[in-house]
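No lab work stands behind these numbers, since they all come straight from the coordinates. Bear in mind the structure is a predicted one, so any value in this text is a computation, not a measurement. Reconstructed Cβ throughout: ideal geometry from the backbone, glycine too, with neighbour counts over all protein chains shown.
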Amino acid sequence: MGRALSDDLRVRVSEADERGEGSCRVLAKRFGVSWEYVRKVRQQRKQNKSLTRRPQSRFGVPSRLTESVKASLLSLVAAQPDITIEELRQKITTEFSILVSWSTVRRWVQKLGLRLKKSRSTPRNETHKATESSANSSLSASGELRRKA
């Protein structure tokens, strides 16, 4: 990937274009840049009404997990340790008007080092899953162990 061109060059190209000193190809040849660069500078000047570069976001979208949301998450989990991710998501949506997915809230919880545990007030489910076929079992239908050949 090529280096970014200087802001000085951008300003000179833009000013020359504004004065009408030639087409994109003529200006590109004169300043030693590609015609696509001149076209891009022209387009950005029309949109932004500015000669400066558009700020770049190299690290993606800024996080919606602000300090106030972090504090709210910590207090919600401290108040109700067996809260579910879905309940947290709904409370964040109502309190902060931030629409977030279940998986985003789960990542936030992990990032903050919180552990959500289910309340053990109810007994565990004692139902065991049956195997789909006898091939998955170590015993045959008659109850004898299978021998490896």
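Using 0.36 nm per residue, how much length does the chain from Q47 to L112 gain when fully extended, once their Cα-Cα distance is taken away?
On the way: separation 65, 0.36 × 65 = 23.40 nm, distance 4.02 nm.
Extra length from Q47 to L112 when fully extended: 19.4 nm.
Considering only C-alpha atoms, what is the centroid distance from the range 24-64 to the range 89-109, in Å?
36
Could you size up the charge dipole of the range 67-111 around its Cα centre, putting +1 on the beta carbon of Lys and Arg and -1 on that of Asp and Glu, and report it in debye to the nearest 20?
Charge dipole, the range 67-111, about its Cα centre: 200 debye, nearest 20.
7 Å from Cα along Cα→Cβ at both A4 and A71: what's the point-to-point distance in nm?
3.4
How large is ³J(HN,Hα), in whole Hz, for each residue of the range 30-36 in order, when computed from phi with the Karplus curve 6.51 cos²θ - 1.76 cosθ + 1.60 and θ = phi - 60°, using x for Gly and Pro?
Per-residue couplings from phi come out as 5, 9, x, 10, 7, 5, 5 Hz.
Quick one: 3J(HN,Hα) in Hz for the range 83-88, Karplus 6.51/-1.76/1.60 with θ = phi - 60°, rounded, Gly and Pro as x.
5, 8, 4, 5, 5, 4
By its C-alpha gyration tensor, with a ≥ b ≥ c as the square roots of the eigenvalues, how is the range 7-48 shaped: rounded for a/c under 1.5, else prolate for a/b larger than b/c, else oblate?
Here the range 7-48 falls in the rounded category.
Apply the Karplus parameterisation 6.51 cos²θ - 1.76 cosθ + 1.60, with θ equal to phi minus 60°, to every residue of the range 99-114 and state each ³J(HN,Hα) to the nearest whole Hz, in sequence, with x for glycine and proline.
Couplings: 8, 10, 8, 4, 5, 5, 4, 4, 5, 4, 4, 5, 5, 7, x, 8 Hz.
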